[in-house]
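See below for the structure under consideration.
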Amino acid sequence: MSNSVIIAWMSLAVTAEGLGTTLLARTEHFRRPVPTLLVTCSYVLCFYALSRLMALTSPGPAYAVWAGGGVLLVSLSGQIFYGHKPDLPGALGIGAVVLGCAMTGLYS
């Protein structure tokens, strides 16, 4: 399988997970139907793409890259859409998680 297919499934999985997690606050504890439906569809799409990805590559590195990409995307969307800016320890922690996931994905 070509790397472009792996990258496409990974991008879809990370993007769908980031969208679902970003919209989760808008569901108001799953009381609002449209945001709840969007979150549900985003997570179903995310896990479908992740399952396809894991059929093409090793699960450990695939999960690591997905997790790191999701952390980065959700932290950025939190800043953009909700004004949540991490303090220095929070930013360092996010950086450490992303770096660890990237290293696992690249070198495992």
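The values are calculated or read from the model by the stated rules, or taken from the named source; none is laboratory data. Nothing here was measured: the structure is a model prediction, and the numbers come from that model. For neighbour counting, all protein chains shown are included, and Cβ atoms are generated from backbone atoms with ideal geometry for every residue, glycine included. Quick note on the areas: whole protein, heavy atoms, side chains included, nothing else; ligands and nucleic acids left out. Shrake-Rupley method; radii C 1.70, N 1.55, O 1.52, S 1.80 Å.
Solvent-accessible area per residue in the chain equals 63 Å², computed with a 1.4 angstrom probe and all protein chains kept.
Given a 1.4 Å probe and every protein chain left where it sits, what share in percent of the accessible area of the chain is carbon and sulfur? Provide the component values of the computation, followed by the final result.
Numbers: 4830 of 6770 Å².
Answer for the chain: carbon and sulfur cover 71 percent of the accessible area.
Only helical runs count toward this figure. For the chain, summing -39,500 (n - 2.57) over DSSP H runs of n ≥ 4 and dividing by all residues gives -29000 deg cm²/dmol at 222 nm.
Ranked by the mean number of other Cβ atoms within 10 Å of their residues, highest first, the peptides 89-97, 54-62 fall in the order 54-62, 89-97. Residues of region 3-24 with backbone nitrogen within less than 11 Å of a virtual label 7 Å along the Cα-to-Cβ line of LEU56, please, listed as ranges. Only 3-13 pass the distance filter. Sequence-ordered 3J(HN,Hα) estimates for region 38-55 from the Karplus curve with 6.51, -1.76 and 1.60 and θ = phi - 60° stand at 5, 4, 4, 5, 4, 5, 5, 4, 4, 6, 5, 4, 5, 5, 5, 4, 5, 6 Hz, glycine and proline given as x. Positive-end ranking of THR104, LEU53, CYS41 along the dipole of the chain, with charges on Cβ about the Cα centre, is headed by CYS41.
Shown here for the chain: trypsin sites (Lys or Arg not before Pro) in loop regions (DSSP other than H, G, I, E, B) with at most 10 other Cβ atoms within 10 Å, namely ARG31. Each Cα pair under 8 Å and six or more residues apart adds its separation to the average, and for the chain the resulting relative contact order is 31 percent. When the Cα atoms of the chain are aligned to their principal axes, the ranges along those axes come out at 41, 34, 18 Å in descending order.
To the nearest 20 Debye, how big is the dipole of the chain about its Cα centre, given +1 on the beta carbon of each Lys and Arg and -1 on that of each Asp and Glu?
Dipole size: approximately 200 debye.
Taking other residues whose beta carbon is less than 13 angstrom from the beta carbon of SER77, and scoring Lys, Arg as +1 and Asp, Glu as -1, yields +1.
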